[in-house]
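**Q** Sharing a structure below in structure tokens format, with a few things to ask.
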Amino acid sequence: MSGETGESSWLRTVLIGRRPDRTAVRIVVLIVTCCVVFRFVLLPIRVEGMSMMPNYKENRVNFVNRLAFVFLPPRRGDVVAIRTSGISIMYMKRIIGLPGETVAFHRGHTFINGNLLEEPYLKYRCDWELPPKTLGPDEYYFVGDNRSMPAVDHTQGVAARPRIVGKVLL
């Protein structure tokens, strides 16, 4: 045992492994992988405000998958991060309107091209009355899940596809 007690040898083996050089390589690979993933794939964002409650709690950290829409376009019902200015200021909202559609709110209900949209994720009633808005070929309509507050106090609207950063996970 070359000067080590049985207990310290066992502890060293558990912490470092039998081959410290391989352990060091694994640690470096893990650090590089984490840096790449959190720099280019997953973007942490903090929910601020109550517009997505109760589905997404305020001050909770969520991750945005930046690769979610590389091969497929955003779909209705996706919760996404929308860049306003720079990469650090974003809205977290739900997409309800797709390119070319007409979105309207009448008596608190959402209508897409004149048809009622089923929204099982809504927990609070609303009384919004907003005129129809027709989206362009590269535009998406987004809105939060908490529609109990007046429409004028709620951040909602149209975002072009390049402003959608990715899909929110968790």
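The values are calculated or read from the model by the stated rules, or taken from the named source; none is laboratory data. Since the structure is predicted, the reported quantities are computational estimates derived from the model, not experimental observations. Here the Cβ is made from the backbone with ideal geometry for all residues, glycine too, and neighbour counts use every protein chain on show. What goes into the accessible areas is simple: the full protein's heavy atoms, side chains included, and nothing from ligands, DNA or RNA. Shrake-Rupley method; radii C 1.70, N 1.55, O 1.52, S 1.80 Å.
**Q** Using a basic spin-label model with each label point 7 Å from the Cα along Cα→Cβ, how many nm lie between residue 83 and residue 152?
**A** Between residue 83 and residue 152, the label points sit 3.3 nm apart.
**Q** Under unit Cβ charges (Lys, Arg +1; Asp, Glu -1), what dipole magnitude, rounded to 20 debye, does the stretch 19-170 have relative to its Cα centre?
**A** That gives the stretch 19-170 a dipole magnitude of about 700 debye.
**Q** Taking 0.36 nm per residue of sequence separation and subtracting the Cα-Cα distance, how much length would be gained by fully extending the chain between residue 160 and residue 19, in nm to one decimal?
**A** 45.5 nm
**Q** Would you compute, from DSSP H runs of 4+ residues alone, the mean residue ellipticity of the chain at 222 nm, taking -39500 (n - 2.57) per run and dividing by the full residue count, rounded to the nearest 500?
**A** -5500 deg cm²/dmol
**Q** Return one number: the angle in degrees, 0 to 90 and rounded to the nearest 10, between the long axis of the Cα atoms of helix 6-16 and the longest principal axis of the Cα atoms of the chain.
**A** It works out to around 40 degrees.
**Q** Please work out how much accessible surface residue 38 shows to a 1.4 Å probe, ignoring ligands, DNA and RNA, in Å² rounded to 10.
**A** 100 Å²
**Q** List the trypsin sites (Lys or Arg not before Pro) within the stretch 71-154 that DSSP assigns to loop and that have no more than 10 neighbouring Cβ atoms inside 10 Å. Spell out each step's value before the answer.
**A** Working: sites: 75, 76, 83, 93, 94, 107, 123, 125, 133, 147; in loops: 75, 76, 107, 123, 125, 147.
Taking the stretch 71-154 and a limit of 10 other Cβ atoms within 10 Å, the loop trypsin sites (Lys or Arg not before Pro) found are 107, 125.
**Q** Averaged per residue, what accessible surface does the stretch 27-86 expose to a 1.4 Å probe, in Å²?
**A** Numbers: 3820 Å² over 60 residues.
Roughly 64 Å² per residue, with all protein chains present.
**Q** Mind pulling up the Rg/Rh value for the stretch 75-170? Radius of gyration and Kirkwood radius, both on Cα. Working shown, then result.
**A** Details: Rg = 12.8 Å, Rh = 13.6 Å.
Dividing the radius of gyration by the Kirkwood radius yields 0.94.
**Q** Evaluated at 25 °C with a viscosity of 0.890 mPa s, what Stokes-Einstein diffusion coefficient in µm²/s does the stretch 120-170 have when Rh comes from the Kirkwood expression over alpha-carbon pairs?
**A** D, rounded to a whole number, is 191 µm²/s.
**Q** May I ask you to list the GluC sites (Glu not before Pro) in the stretch 71-138 that are in a DSSP loop and have at most 12 other Cβ atoms within 10 Å of their Cβ?
**A** 118, 129
**Q** Run the paramagnetic zone check for residue 75: 7 angstrom along Cα to Cβ, then residues of the stretch 108-138 with backbone nitrogen under 18 Å.
**A** Those under the cut-off are 117-122.
**Q** Same structure again: Calculate, axis by axis, the spread of Cα positions in the chain along the three principal axes, and write the results as whole Å, longest axis first.
**A** 82, 31, 27
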